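Comments concern the structure below.
The values are calculated or read from the model by the stated rules, or taken from the named source; none is laboratory data. All of these numbers come straight from a predicted model, not from anything done at the bench. All Cβ positions, even for glycine, are placed from backbone atoms using ideal geometry, and neighbour counts span all protein chains on display. Areas reflect the complete protein model, heavy atoms only, side chains present, ligands, DNA and RNA absent. Shrake-Rupley method; radii C 1.70, N 1.55, O 1.52, S 1.80 Å.
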Amino acid sequence: AEPGRDAAVASAVAATSKLIQAITAPFALDEHQVFLNMSTGIATYPHDGDTADALIKHADTAMYRAKRRPDVNHLLFDVAMSHQAIARMNLENALRSAITENQLQLHYQPALNLHSQRLDYVEALLRWVHPALGHVPPCSIIDVAEERGLMTELGIWVLRTATRQAALWQSEEMADLMVAINISPTQFED
């Protein structure tokens, strides 16, 4: 434990808690009840940085982590967050390249009708085998794409690729085969 830092953290948490309580209190706007949410990140001097830029950067990192967790309103910065933020940024850059360099794949999972014993449709599932990282879990792809505004571009790639494959299957006399494509809420809104 670091006594000086512990006191600074306790003070920051207390101030943040009061601010969150004030901001998140419901209020009336015309005839509507309005609720706000607030996420904060806390970084302390000199433990988390010795310049204003470093402290802001680290508090910002903690705030974005808090935003992804519905169970918390504030988080204290730790070095692991910085490493994770760098890894996430690297994954984002790699995903941008994967989309443009055609590194992504669609796998088609059959959906069988147990009653008729027939293939009802196939579901297009996004897969990415990164040259250095290997198999990237689909949830990581989707999380980064949604967080960094790549979902529409990624969704267009999936739609084009799946419809090309469906057209190919139709030309091979599999015209009745349907292809299911998942669309994210972000892409649907766009």
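Residue pairs whose Cβ atoms lie under 9 Å apart, sitting 6 or more positions apart in sequence or on different chains, and linking a residue in the stretch 131-155 that is without any contact (Cβ under 8 Å) to a residue 60 or more places away in the chain to a partner that is among the acidic types (Asp, Glu) and in a loop (DSSP other than H, G, I, E, B), are Met151/Asp190; Thr152/Asp190; Gly155/Asp190.
So that you can scan it fast, the table gives a plain yes or no per residue for (1) among the aliphatic types (A, V, I, L, M); (2) touching an Asp or Glu at 6+ places or on another chain (Cβ under 9 Å); (3) under 22 Å from Tyr64 (Cα atoms):
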| residue | (1), (2), (3) |
| --- | --- |
| Glu92 | no, yes, yes |
| Ala98 | yes, no, no |
| Glu101 | no, no, no |
| Pro110 | no, yes, no |
| Leu125 | yes, no, no |
| His130 | no, no, no |
| Leu159 | yes, no, no |
| Glu173 | no, no, no |
| Asp176 | no, no, no |
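Condition (residue is over 18 Å from the mean Cα position of the chain (by Cα) and of a type outside the set (Ser, Thr, Tyr)) applied to the stretch 58-70: is it met by at least one residue? The answer is yes; a qualifying residue exists. Within the stretch 76-86, the set of residues being touching a residue at least 60 places away in the same chain (Cβ under 8 Å) and open to solvent by less than 40 Å² (accessible area, probe 1.4 Å) is empty.
One residue is enough: does the stretch 13-33 have a residue meeting the conditions under 23 Å from Gln84 (Cβ atoms), assigned to a helix (DSSP H, G or I) and in contact (Cβ under 8 Å) with a residue 12 or more places away in the chain? The answer is yes, given that some residue of the stretch 13-33 is under 23 Å from Gln84 (Cβ atoms), assigned to a helix (DSSP H, G or I) and in contact (Cβ under 8 Å) with a residue 12 or more places away in the chain.
For the stretch 10-22, state whether one or more residues are open to solvent by less than 80 Å² (accessible area, probe 1.4 Å), within 30 Å of Gly155 (Cβ to Cβ) and at pLDDT 90 or above. There is no residue in the stretch 10-22 that is open to solvent by less than 80 Å² (accessible area, probe 1.4 Å), within 30 Å of Gly155 (Cβ to Cβ) and at pLDDT 90 or above.
Here is the figure for the stretch 34-54: residues that are touching a residue at least 12 places away in the same chain (Cβ under 8 Å) and either in a strand (DSSP E or B) or out of contact with any helix residue (DSSP H, G or I) (no Cβ under 8 Å at 6 or more places or on another chain) (or both) total 3. If you go through the stretch 63-75 and keep only what is out of contact with any helix residue (DSSP H, G or I) (no Cβ under 6 Å at 6 or more places or on another chain) and open to solvent by less than 90 Å² (accessible area, probe 1.4 Å), you end up with Met63, Ala66. In the stretch 74-115, which residues are over 30 Å from Arg5 (Cα atoms), among the aliphatic types (A, V, I, L, M) and either part of a helix (DSSP H, G or I) or touching a Gly at 6+ places or on another chain (Cβ under 6 Å) (or both)? If the condition is that a residue be over 30 Å from Arg5 (Cα atoms), among the aliphatic types (A, V, I, L, M) and either part of a helix (DSSP H, G or I) or touching a Gly at 6+ places or on another chain (Cβ under 6 Å) (or both), then Leu91, Ala94, Leu95, Ala98, Ile99 are the ones that fit. Within the stretch 87-110, the set of residues being closer than 19 Å to Met174 by Cβ and surrounded by 12 or more Cβ atoms within 10 Å (Cβ to Cβ) comprises Leu106, Tyr108.
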